[in-house]
Amino acid sequence: MKNRILTGIQSSGVPHLGNILGAMMPAIELSKKENNEAFLFIADLHSLTTIKNAEVRKHNTNSVAAAWLAFGLDTDKNVFYRQSRVPQVTELTWFLSCYVPFPMLANAHSFKDKSDKLSDVNAGLFTYPVLMAADILLYSANQVPVGKDQLQHLEITRDIASSFNNKYGETFIVPEPLISTDVMIVPGTDGQKMSKSYNNFIDIFLPDKELEKQVKLIVTDATPLEAPKNPYTCNVFKIYSLLATADMTNEMRIKYLAGNYGYGHAKKELFELICDKFKNERIAFTNFMKDEALLEKKLSEGEEKAMEVANDFLNNMRVKLGFK
């Protein structure tokens, strides 16, 4: 039996460099391993907690799909789908909600981080971990790649699954977190973790001039051009080193230490590296975005596969709960 891996990316915007290096590329590599089967989805229902504009969500969903495909996701071997097109996930969310104690959700980071201004918190944000649990448990995922910021939500999923299993017998696979030590934490233009919510991201799919403007926004210190610089405290160097070969990184390090090498020079090299490294993916992304029919075909095929798995699982759940 294959090892089933599941991960999703919200349709809250075009995937940025942090999403690509930290989540998408590692997930695609995992999906290529012979014994792995990947369920990779676009979390468009999750995005409704913050994005209310339908056209924006549709564009974002297409952008996320185009990015996955541009980076080489094999949709024949794996299951690629929109969360909202498999409505069984919302039915399971309701079932699970009736078993989750209030304090568990009140302690979740997704709620606590915004609980100081409750007027801005909608019920969807409060129950976010339950929908996330349903995303995972519906497809009997064995492993879920997570960063440290999502680990708590996975622990909630594990607690929900274990508690239900104790009451009704073996129903859910209790998923294991997959935390890779090589997963890249990508700094944003301001030095914090790259995130859409901080508006500090680099969108590699932008046209050249707009992309270069974003790279130029990376915050640096006021060290004069002629003076030596510390590469290890510089955001430009940190991002460059995540993309470059060891030799290229060492070459830039020597330039920093030697002086007469400005941050403007480093930013120019970083911009050129991004354009070169992701040349094919940037072209593919643009082509996918122009071909909505192809995106729809790829997603619909995946949704048929996901629906089949979801139906089989929910039929069993309905029997256990007395709904069938």
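Are any of the residues in segment 236-246 surrounded by fewer than 18 Cβ atoms within 10 Å (Cβ to Cβ) and more than 23 Å from the chain's Cα centre (by Cα)? Yes - at least one qualifying residue is present in segment 236-246. Within the option set Ile51, Ile20, being surrounded by fewer than 19 Cβ atoms within 10 Å (Cβ to Cβ), in contact with a helix residue (DSSP H, G or I) (Cβ under 9 Å, 6 or more places away or on another chain) and touching a residue at least 12 places away in the same chain (Cβ under 8 Å) holds for one residue only, Ile51. Pairs linking a residue in segment 311-324 that is over 10 Å from Thr171 (Cα atoms) to a residue that is modelled with pLDDT of 95 or more and surrounded by 14 or more Cβ atoms within 10 Å (Cβ to Cβ), with Cβ atoms under 6 Å and 6 or more positions apart or on different chains, are Leu314/Gln88.
Residues that are crowded, with 21+ Cβ neighbours inside 10 Å, among the aromatic types (Phe, Trp, Tyr) and assigned to a helix (DSSP H, G or I) within segment 56-103 comprise just one, Trp68. Being in contact with a His (Cβ under 8 Å, 6 or more places away or on another chain), of a type outside the set (Ser, Thr, Tyr) and not in a loop (DSSP other than H, G, I, E, B) holds for only one residue in Pro177, Pro129, and it is Pro129.
For every residue, the table says whether it meets (1) under 17 Å from the mean Cα position of the chain (by Cα); (2) at pLDDT 95 or above; (3) not assigned by TED's automatic domain parsing to the domain that holds Leu178.
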residue	(1), (2), (3)
Gly13	yes, no, no
Phe39	yes, yes, no
Asn53	no, yes, no
Ser84	yes, yes, no
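Here the condition is being farther than 30 Å from Leu314 by Cα and either out of contact with any helix residue (DSSP H, G or I) (no Cβ under 8 Å at 6 or more places or on another chain) or surrounded by 14 or more Cβ atoms within 10 Å (Cβ to Cβ) (or both); of Ile173, Ile156, Ile204, it holds for Ile204 alone.
The values are calculated or read from the model by the stated rules, or taken from the named source; none is laboratory data. On a predicted model such as this, the values are computed, not experimentally measured, just so you know. With ideal geometry, Cβ positions are generated from the backbone for all residues, glycine too; neighbour counts draw on all protein chains shown.
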